[in-house]
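Notes follow once the structure below has been shown.
The values are calculated or read from the model by the stated rules, or taken from the named source; none is laboratory data. Worth saying up front: this structure is predicted, and the values here are computed from it rather than measured. Cβ placement follows ideal geometry from the backbone for every residue including glycine, while neighbour counts extend to all protein chains displayed. Surface accessibility is based on the protein's heavy atoms, side chains included, excluding ligands, DNA and RNA. Shrake-Rupley method; radii C 1.70, N 1.55, O 1.52, S 1.80 Å.
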Amino acid sequence: MKHLFKYFLLLLMMLPMAANAQKTVTSAEQQTMVKKIEQTASSIKSMQCTFKQEKSLKLLGDNMVSNGKMYFKQGNKLRWEYTSPYSYIFVINGQKVMMKNGSRKDVIDVKSSKLFQEIARIMMSSITGKCLSDKKDFKVTMTKKDKMWIAKLVPQKKEMKAMFSAINLMIDSEKNMVTQVSLVEKTGDTTNIQLKAIETNGTIDEKLFAVN
Amino acid sequence: MKNCLLLISLLFASLASHAQALQYDTDSLRRYNSTITFGKAALTGICLIKDVDGEVRGTIVNEFGIKALDFAYDKRRDKVKLQNVIKFMDRWYIKKVVKADIATLLRTENTEKQLRRRTLTVTPEGSVSLTNEKYNINYTFTPLTDATD
């Protein structure tokens, strides 16, 4: 009787775990999810949000937290700005990339650097979720957990493969939008970026995307 | 009295010159804005350092959190190990120079030989600059003050 009770307790404990576990989806379900995300992505002309970035540091047994703001506009415009604890601005505007750290400012022509081309393209497509259908860049597996869809992207290209073992996107299944990005490095460190206060299709000052 | 005060000042001055350039603690992470320039190329980011069980461990990441390298300095053996070095720096001849430079930054006291063809400066605010004149590499570290975390 005692053993039965123990097994019953164990089963009870496992039930919430089972309920919270990620559920795999069928290929057809995955296609439907990706289509919905793509449709939403196509309807996004502009987007702005705040973000919190948490970087795990395995070697030091500690974390580094930074905060910032993101602005996106259709037509290859992205501003990724860290506001604390350091100031750093990264802007993509068409074929130009601008990086500003304190008094140091670098402007690079994306055409002159394949690496920057890739970085710019992947950042843009990750934020909107368009990367989910880009089979050249990633092998995508989707699962669902509660009201979230989780896309696991395994890099296929050499440059990304050298840095990341996977990129996980957390997608709000009601809004069909990315709310969290998790970069898993080959070293074991992870970087989690939570997007908050997301606003879409509002007016964004063009000055925010200036590179000069 | 005057001689006594002079002696105390000299003692403090000598202690100060024996402290390592980059500071580290055992119970918390020290953070620096960092820039490493190799000729025209530059790597900007954050340097995080901590004393873990007597070993000084650090990581240099860029602002996006992408790692450039991990380092560990053994104080007793005066040796630096590098791990997880970013591809463009992962050459034995680059790592050899970087290891020696990091040791210079973390050593409590550098000899004349260890500072040969290097210029190391530390400001009262704790900003550190090391120039390796032989290989034209410059390291600057500025303490990150705590904003909202």
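Couple of notes before you dig in:
- Looking only at the stretch B:41-65, and only at residues there that are part of a loop (DSSP other than H, G, I, E, B) and surrounded by fewer than 17 Cβ atoms within 10 Å (Cβ to Cβ), the one that is nearest to the other protein chains (Cβ to nearest Cβ): B:Asp53
- Which listed residue is within 13 Å of chain B (Cβ to nearest Cβ), over 18 Å from A:Gln194 (Cβ atoms) and among the charged types (D, E, K, R), from A:Lys157, A:Lys58: A:Lys58
- Near pairs, Cβ below 7 angstrom, 6+ apart or cross-chain, from the stretch A:130-143 (touching a residue at least 40 places away in the same chain (Cβ under 8 Å) and farther than 15 Å from A:Glu159 by Cβ) to any residue that is in a strand (DSSP E or B) and open to solvent by less than 70 Å² (accessible area, probe 1.4 Å): A:Leu132/A:Val140; A:Leu132/A:Ala151; A:Val140/A:Ala151; A:Val140/A:Leu153; A:Met142/A:Trp149; A:Met142/A:Ile150; A:Met142/A:Ala151; A:Thr143/A:Ile150
- Counted residues, the stretch A:130-142 - those being in a strand (DSSP E or B) and surrounded by 17 or more Cβ atoms within 10 Å (Cβ to Cβ): 3
- Selected residue (criterion: nearest to B:Thr140 (Cα to Cα)) from residues of the stretch B:109-118 that are part of a loop (DSSP other than H, G, I, E, B) and open to solvent by less than 80 Å² (accessible area, probe 1.4 Å): B:Leu115
- Some residue of the stretch B:119-131 being more than 16 Å from B:Ser34 (Cβ to Cβ) and surrounded by 15 or more Cβ atoms within 10 Å (Cβ to Cβ): no
- Near pairs, Cβ below 9 angstrom, 6+ apart or cross-chain, from the stretch A:11-31 (at pLDDT 75 or above) to any residue that is part of a helix (DSSP H, G or I) and not hydrophobic (A, V, I, L, M, F, W, C): A:Val25/A:Thr32
- For the stretch A:143-168, a residue qualifies if it is assigned to a loop (DSSP other than H, G, I, E, B) and acidic (Asp, Glu), and exactly one does: A:Asp146.
- For the stretch A:169-187, a tally of residues being among the polar types (S, T, N, Q) and either touching a helix residue (DSSP H, G or I) at 6+ places or on another chain (Cβ under 8 Å) or outside any strand (DSSP E or B) (or both) returns 3.
- The set of residues in the stretch B:28-40 being within 10 Å of chain A (Cβ to nearest Cβ) and of a type in the set (A, V, I, L, M, F, W, C) consists of B:Leu29 alone.
- Scanning the stretch A:66-113 for residues that are buried (at least 16 other Cβ atoms within 10 Å of the Cβ) and of a type in the set (D, E, K, R) yields A:Lys69, A:Lys73, A:Lys77, A:Arg79, A:Glu81, A:Lys96, A:Lys100.
- Selected residue [open to solvent by 30 Å² or more (accessible area, probe 1.4 Å), closer than 22 Å to A:Val91 by Cβ and of a type in the set (Phe, Trp, Tyr)] from A:Phe116, A:Phe209: A:Phe116
- Selection status of B:Leu82, in a strand (DSSP E or B) and either away from chain A (no Cβ under 14 Å) or touching a His at 6+ places or on another chain (Cβ under 9 Å) (or both): no
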